[in-house]
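A quick write-up on the structure given underneath.
Laboratory data are not the source of any read-out in this text; all were calculated from the coordinates shown. For clarity, every value in this text was computed on a predicted model and none was experimentally measured. Note that each Cβ is placed from the backbone with ideal geometry, even for glycine, and that neighbours are counted across all protein chains shown.
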Amino acid sequence: MVLSVLPFTSELNVTQIAIAREISAAVVNVSGRQRMLSQRTALFSLRLVCSQDKVERSELRSQLLVAIDLMEKSHNGLIDGDPEMKLPGNPSTVVKAMYFEPPLNLDGQFRKFIAQVRALAQVEDSDLTQDHPHLLYILDAADGGLLDALDAIVSQYQKESEAEQLELDINQIQLYKQSCAATAAAQAQAQELEKALQDLQQERAKLIHTERISSLGQLVAGVAHEINNPINFIYGNLTYANNYVEDLLKLLHLYKKEYPNPSPSIEDKITDIDLDFLLQDLPKVLSSMKIGADRIRQIVMSLRTFSRMDEKEMKPVDIHEGIESTLLILHSRLKGKGSSPQIKIIKEYGDLPLVQCHVGQLNQVLMNLLSNAIDALEMGTGDFSIPNSKSQIQNPQILIRTEALHPDYINVRIADNGPGITEEVKARLFDPFFTTKPVDKGTGLGLSISHQIVVEKHGGSLRCVSEPGQGTEFWIEIPIRQKSLVIC
């Protein structure tokens, strides 16, 4: 009855279900009201005939007409529909048969009843008697055939309404299940999208890091190569130059011995060049040049060690060599500048075996951690220090400790006596692009990339131990030998 007029299969939404319930209730209420109006009409008709008061009779005639007008409108609405009364019309096959077919033929009974009531309302007062045919029909119908037919139709409407309510309840359950499933699917999709976004950010960080490291490695390797050739030429010839100078000095001493009385012009030249000082200082100059060349050679070797970024295979390496090369590159940052004191490096090296690793990548981790430690000591604002902390660090120092934890792992600890970090910052240390540095001082990639290198590429762990005001210490633990770890 009701569901047939709605776009309802198994996809009714909540609003449509509410409308269906409202329409079903209206049909039952209106059909039940017809039964009540038939009894009221019969009572008004009897009072109209029995009343001797002209005014009362006039009011009863009006009430009769209002009642039957409402009955007729409701009857038509139940059959054909009435939006004002929220009646859908289009009754079921069973209800149609009850309205238009024997034995009830309610439509015919109803319209005859209405016609009899209207006719009674038009009878003159003098002709109104208790045995008037219109009154007798009305009372008989209201107490007999019409009443039985209305009871039957109301019962059928209620039965159909209950069936529809049950179907609506079933549909609402299905709708709720669908809603729950859709919500769960949306949540799962949101989680997948969030994970995809995190993966994308990590991949972006890796690409940026790889590009930077590749460019840095190429630059450092190129510079080291360009410096290496001329310094080798200088360093290699210093030995010959030193030998030549020694021979010349011996020759001068021999000349001085064999010719103790030089000519005046030679005497003037000896005085002019301060020959005695020159003989003493020239070996020192050559020695200083040799020391400087050695220093440059060490720097070049460190640059070449540090620049081994693109080696795909893991090789057994000396971790201490990587630390030393990194410290050599950072040497200028460790010196005191102006009012800032020099940063002291304390080394407590243990007896470490060669470790199988990507040396270039591991050197990058050491560079990131040491650079951040220097930042924290210089400015109080490293990638992981307390934001806006600018207090001067007294006696700044960095402690580097290495040890073999057990036969399978080695440990490198880098600790500074800087301002330390808060728990809130520590919880986000390894998030890509997170940094407490100013925009032009850091990208927030250093620790994230370091974590990936140590954990994902070497199967180790990287953790931080720190409290505000107590400095910061990072622990690097990596296996000595890689077993089944797949390096990508």
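Tabulated data for the structure shown
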quantity	calculated
Whether segment 77-193 is rounded, prolate or oblate, judged on the alpha carbon gyration tensor where a/c under 1.5 counts as rounded	prolate
Inter-probe distance in nm under a simple model that places probes 7 Å from Cα toward Cβ, at Lys177 and Lys335	7.9
Projected label distance in nm at Tyr244 and Leu166, using a 7 Å step from Cα toward the beta-carbon	11.6
Shape call, segment 83-127: gyration tensor on alpha carbons, a/c limit 1.5	oblate
Using distinct alpha-carbon pairs, which all enter the 1/r mean, Kirkwood radius of segment 25-87 in Å	12.6
Additional length obtainable on full extension of the chain from Leu43 to Glu192, 0.36 nm per residue less Cα span	46.4 nm
Rough spin-label spacing in nm, given labels placed 7 Å along Cα→Cβ, for Lys73 and Leu254	14.3
Three-way shape call for segment 96-155 based on the alpha-carbon gyration tensor, with the a/c threshold at 1.5	prolate
Members of Lys96/Lys177; Lys256/Lys284; Lys290/Lys315; Lys344/Lys457 lying beyond 30 Å, as alpha-carbon distances in this model show	Lys96/Lys177; Lys290/Lys315; Lys344/Lys457
Part-to-part distance (alpha-carbon centres) for segment 255-295 and segment 415-431, which is given in Å	60
About the Cα centre, charge dipole magnitude for segment 76-161 (Lys/Arg +1, Asp/Glu -1 at Cβ), debye	380
Volume per residue of the C-alpha convex hull in segment 250-299, rounded to whole Å³	78
Extension gain, Ala427 back to Asp268 (0.36 nm per residue minus Cα-Cα distance, nm)	49.4 nm
Rel. contact order, % - alpha carbon contacts under 8 angstrom, at least six apart, segment 42-130	29
Set of lysines with alpha-carbon distance to Lys426 below 20 Å, sequence-local pairs under 8 removed	Lys390, Lys437, Lys441
Set of aspartates and glutamates with alpha-carbon distance to Lys337 below 20 Å, sequence-local pairs under 8 removed	Asp375, Glu378, Asp416
